[in-house]
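Quick notes on the structure that follows.
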Amino acid sequence: MPGPTPRQRLASLFRDANAVAGDALIFTLATCGTYLAQSWDRPISAVLIYLVGVTAIGARSGLAWGLVAALSASLVYNFFISEPVFRFSTPSADEWIPLIAFNASAIVSGALAGRLKDSVRLARTAQEKNAHLLRLSDELQRAIRVEDVARIARRGVPFGRLRGLEIFLARNGGFLPAEGGSLLETADLLPERDDAAQQPIGQRILFLYGAEGEIGLVRFALERGPDPYYDMPDLQGIAIILGLAIDRCQLLERLSENAAMQKSEELKSAILSSVSHDLRTPLTAIEAAATSLQSFDQSLTPRDRARMLETISQQCRKLNRYTANLLDMGRIQAGIPDILFIEVDVIEILGVVLAAIREAYPGQEIEKHIQSDLAVVRANPAMLEQVIFNLIENAILHGNSEQAVHVVVTQAAGRCVLEVLDFGPGITADEQPLVFNKFYRSRSATYREGNGLGLHIANGFTEAFGGTIRIVSPHFEGRGTKIAVELPLTDVSVHQVGSWG
Amino acid sequence: MGMNILLVDDEPAIVTALSPVLQSQGYRITAAESASAALKAAELEQFDLALLDLGLPDADGVEIIGKLKELCRAVIILSARHQEAEKVRALDEGADDYVNKPFGIEELLARIRAAGRRSGMAAPGGSTRFVSEELQVDFATRDVRLLGEEIRLSPKEFALLETLCRHAGQVVTHRKLLIAGWNDPHADSQYLRSYVALLRQKLEYDASEPRLILTEPGVGYRLEASPRAE
């Protein structure tokens with residue numbers, strides 16, 4: 001309900017002029033009717049016609065205009081219609097009655113019309129206030145955080161005499177502005193000295209209530225006005241709606257905090273159980289081998305001794321890979337900045353990985369199908385090494401130990417595709433989306449010694465390089481898993497080595 | 001032999017594990033557990049080699065490489081994987097090589113031997129030939145033989161191979177190879193990758209799984225061949 005603009009003021013003047021013209025027309029018609037009735041010697045009809053006219057004007061334009069019409073009607077009746085015509089005369093007893101009737105009907109109809117108009121205006125104001133509240137509560141439905149509530153609430157002002165509002169949240173015995181700022185004491189918020197004559201704006205403070213009582217307060221800034229009701233929005237209603245919305249947002253925040261906490265608890269216990277298994281198993285083997293060598297060195301055959309020593313160094317390498325995986329998991333969690341990325345040749349890194357695989361899994365057969373001499377991508381070399389190592393190791397652990405693991409590198413449509421294929425039992429369709437999860441271990445029977453991190457890391461690093469990873473299983477006669485990593489090639493790899501030198 | 005080695009590591013277990021083995025190989029070992037102790041020891045005694053762990057209690061190991069290199073003839077870094085940037089920085093600071101932790105003793109001994117050879121060869125004039133079990137390179141006549149068979153190399157290929165041979169067993173950074181081949185440390189490393197691929201095609205049995213010219217991801221290349229004593 002903002003103040004009228006000049007244009008609106010002009011329009012309302014025009015409406016008033018229209019109404020006056022209408023009243024004048026009614027008055028004129030009534031005068032003519034009365035005059036005709038009088039000339040046909042029907043004095044009662046004449047008075048009644050005038051009465052109808054005055055009543056109509058009273059009802060149309062209210063008490064004041066009704067009285068004006070009644071007075072005019074008395075004068076006109078006295079001057080033009082009642083004997084002696086064209087002269088004001090002291091009314092006879094007969095003529096008092098129409099005069100009283102005119103004024104009485106004007107008063108009654110005007111008062112009634114005024115009341116009606118008042119209640120219409122009242123109803124319209126109430127409707128506007130309701131609409132304002134409804135709009136507010138509707139918009140607040142979309143608020144997720146308390147700051148949203150404050151922002152949305154401010155969008156609804158100015159409304160009538162409401163010029164502004166601020167929301168404060170109850171915190172540690174004081175009040176915190178919802179849209180940022182320092183903690184205020186309750187005393188700071190109490191209304192300053194209210195000098196009505198000096199200040200055009202006053203304020204009002206209302207508490208906000210949630211399910212568990214007071215959750216804050218709202219400070220309304222209000223323009224002073226003469227009318228106590230019409231321009232004053234429903235502050236209590238606004239406060240209730242704000243209280244509900246803030247309560248809901250705070251509940252939502254607490255819920256998501258709980259969910260995050262639960263997730264991190266789950267991760268912690270997964271890490272703990274993984275550490276206790278994957279660290280302890282190799283440690284146990286190392287401890288057993290080392291103490292055996294210590295205690296029974298003389299009685300062991302040279303072959304046994306060599307085997308134990310080999311066990312120790314093998315398990316050490318395994319521990320090293322496992323800790324590397326744990327660290328990599330942390331890296332993925334923290335986010336990998338691409339400042340670490342440089343141009344790397346996938347085929348060169350594959351060569352490095354194959355050397356490490358042959359050392360870790362001697363005797364494992366690997367078949368390579370490498371289409372090109374160079375495949376340059378943007379990546380971190382050590383992380384790319386880890387991706388490829390994990391994929392090949394995964395294929396060795398879950399594949400068929402009788403059959404070779406295949407590694408295929410091709411290029412197509414600006415991408416380098418590296419595929420690692422095994423011929424194990426494969427991964428079922430419902431298990432496929434899970435294998436990239438942290439600490440997920442396959443349910444399959446051939447599970448030997450994975451730590452549930454290999455594919456998670458391969459996936460996380462590949463995505464960090466802007467690539468994709470996907471599983472095709474089964475890929476060969478109902479068996480086998482193929483995992484394909486696709487990485488965007490940098491434009492330099494378009495050159496082939498053959499054209500050089 | 002009898003190289004004099006300064007072992008800089010604050011972890012007693014590492015010192016305890018390495019000292020007897022290195023001594024059994026004929027090296028003399030002095031241990032220092034901090035950067036300041038290392039510098040003090042190096043000022044008192046001439047060391048042929050410093051084995052430097054980068055995670056020291058009183059300083060970042062990289063910061064003392066420069067000073068240490070002035071006092072010792074060679075510096076080898078003990079570094080964690082995944083830290084190529086740190087390795088490159090250490091090599092740029094003057095370190096000669098690095099070993100990834102955890103390492104096998106054979107790997108460490110190979111690096112120490114390579115560093116010893118390198119500082120022995122650094123005499124004026126240097127060597128004119130490189131001869132290993134499978135590879136023979138004559139730096140003057142540019143004659144290259146693999147298992148006795150002549151290999152024809154372009155001038156750039158030869159320049160790269162010569163640099164790798166002169167540092168046999170040691171890492172050679174991309175930067176050093178770019179200077180050797182193109183006389184410009186900022187040349188496109190794509191050239192380098194392409195020429196190394198060409199060299200591998202000519203020298204390796206399987207270029208996709210090299211055994212002679214190894215990749216040090218993110219750092220450089222290493223010629224895995226030890227020269228025969230002539």
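The values are calculated or read from the model by the stated rules, or taken from the named source; none is laboratory data. In this text the structure is predicted, and so the values were computed from the model without any measurement. Cβ coordinates were reconstructed from backbone atoms using ideal geometry, including for glycine residues, and neighbour counts include every protein chain displayed.
If you check A:L99, A:L75, which single one turns out to be without any contact (Cβ under 8 Å) to a residue 24 or more places away in the chain and either under 19 Å from A:Y50 (Cβ atoms) or out of contact with any helix residue (DSSP H, G or I) (no Cβ under 8 Å at 6 or more places or on another chain) (or both)?
The match here is A:L75.
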Among (1) in a helix (DSSP H, G or I); (2) more than 14 Å from chain B (Cβ to nearest Cβ); (3) over 22 Å from A:L279 (Cα atoms) - the single one A:S292 does not satisfy: (3)
Close pairs (6 angstrom Cβ cut-off, 6 or more residues apart or separate chains): within 16 Å of B:G218 (Cα to Cα) and touching a residue at least 60 places away in the same chain (Cβ under 8 Å) in segment B:75-104, buried (at least 16 other Cβ atoms within 10 Å of the Cβ) and polar (S, T, N, Q) anywhere: B:K87/B:S79; B:L91/B:T173; B:D97/B:Q170; B:Y98/B:S79
Subset tally (residues that are loosely packed, with under 14 Cβ neighbours inside 10 Å and under 28 Å from A:L326 (Cβ atoms)) for segment A:289-312: 3
Residue match in segment A:93-108 (condition: assigned to a helix (DSSP H, G or I) and closer than 22 Å to A:A17 by Cβ): yes
Matching residues in segment B:152-172 - criterion: being within 14 Å of chain A (Cβ to nearest Cβ) and in a helix (DSSP H, G or I): B:P155, B:K156, B:E157, B:F158, B:A159, B:L160, B:L161
Search result, residues across segment A:356-379 that are more than 48 Å from the chain's Cα centre (by Cα), within 7 Å of chain B (Cβ to nearest Cβ) and not charged (D, E, K, R): A:I370
Matching entry among A:L267, A:L272, A:L283 (being away from chain B (no Cβ under 13 Å), surrounded by 11 or more Cβ atoms within 10 Å (Cβ to Cβ), modelled with pLDDT under 90 and not in a loop (DSSP other than H, G, I, E, B)): A:L267
Only one of B:A197, B:A180 that is over 19 Å from A:L374 (Cβ atoms) and assigned by TED's automatic domain parsing to the domain that holds B:V219: B:A180
Output for segment A:413-431, where each listed residue is charged (D, E, K, R) and either assigned to a loop (DSSP other than H, G, I, E, B) or surrounded by 21 or more Cβ atoms within 10 Å (Cβ to Cβ) (or both): A:D422, A:D430, A:E431
Among residues of segment B:199-225, those that are at the interface with another protein chain (Cβ under 8 Å from one of its Cβ atoms), out of contact with any helix residue (DSSP H, G or I) (no Cβ under 6 Å at 6 or more places or on another chain) and buried (at least 21 other Cβ atoms within 10 Å of the Cβ), counted: 0
Matching residues in segment A:459-480 - criterion: being among the hydrophobic types (A, V, I, L, M, F, W, C), touching a residue at least 40 places away in the same chain (Cβ under 8 Å) and not in a loop (DSSP other than H, G, I, E, B): A:F461, A:A464, A:I471, A:F476
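Within segment B:96-112, work out how many residues are farther than 21 Å from B:K176 by Cα and in a helix (DSSP H, G or I).
6
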Some residue of segment B:107-126 being in contact (Cβ under 8 Å) with a residue 12 or more places away in the chain, over 23 Å from B:I64 (Cβ atoms) and among the small types (G, A, S): yes
Among the candidates B:E106, B:E134, B:E149, residue that is under 30 Å from B:G2 (Cα atoms), away from every other protein chain (no Cβ under 11 Å) and either modelled with pLDDT of 95 or more or surrounded by fewer than 18 Cβ atoms within 10 Å (Cβ to Cβ) (or both): B:E134
Scan of segment A:385-412 for residues that are β-branched (V, I, T) and either assigned to a strand (DSSP E or B) or more than 14 Å from every other protein chain (Cβ to nearest Cβ) (or both), ordered by number: A:I396, A:V405, A:V407, A:V408, A:V409, A:T410
Residues satisfying the stated conditions in segment A:103-138, i.e. surrounded by fewer than 17 Cβ atoms within 10 Å (Cβ to Cβ), over 19 Å from A:M232 (Cα atoms) and aliphatic (A, V, I, L, M): A:A104, A:I107, A:V108, A:A111, A:L112, A:L116
Filtered residues of segment B:161-210 (kept if free of Cβ contacts under 8 Å to residues at least 60 places away in the same chain, within 22 Å of B:E107 (Cα to Cα) and among the polar types (S, T, N, Q)): B:T163
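hydroxyl-bearing (S, T, Y) and touching a Gly at 6+ places or on another chain (Cβ under 8 Å): which single residue out of B:S127, B:S119, B:S154 fits that description?
Exactly one residue qualifies, and that residue is B:S154.
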Subset of segment A:335-355 (residues that are within 11 Å of chain B (Cβ to nearest Cβ), outside any helix (DSSP H, G or I) and surrounded by fewer than 21 Cβ atoms within 10 Å (Cβ to Cβ)): A:F341, A:I342, A:E343
Selected residue [in contact with a strand residue (DSSP E or B) (Cβ under 8 Å, 6 or more places away or on another chain) and not in a loop (DSSP other than H, G, I, E, B)] from A:L169, A:L134: A:L169
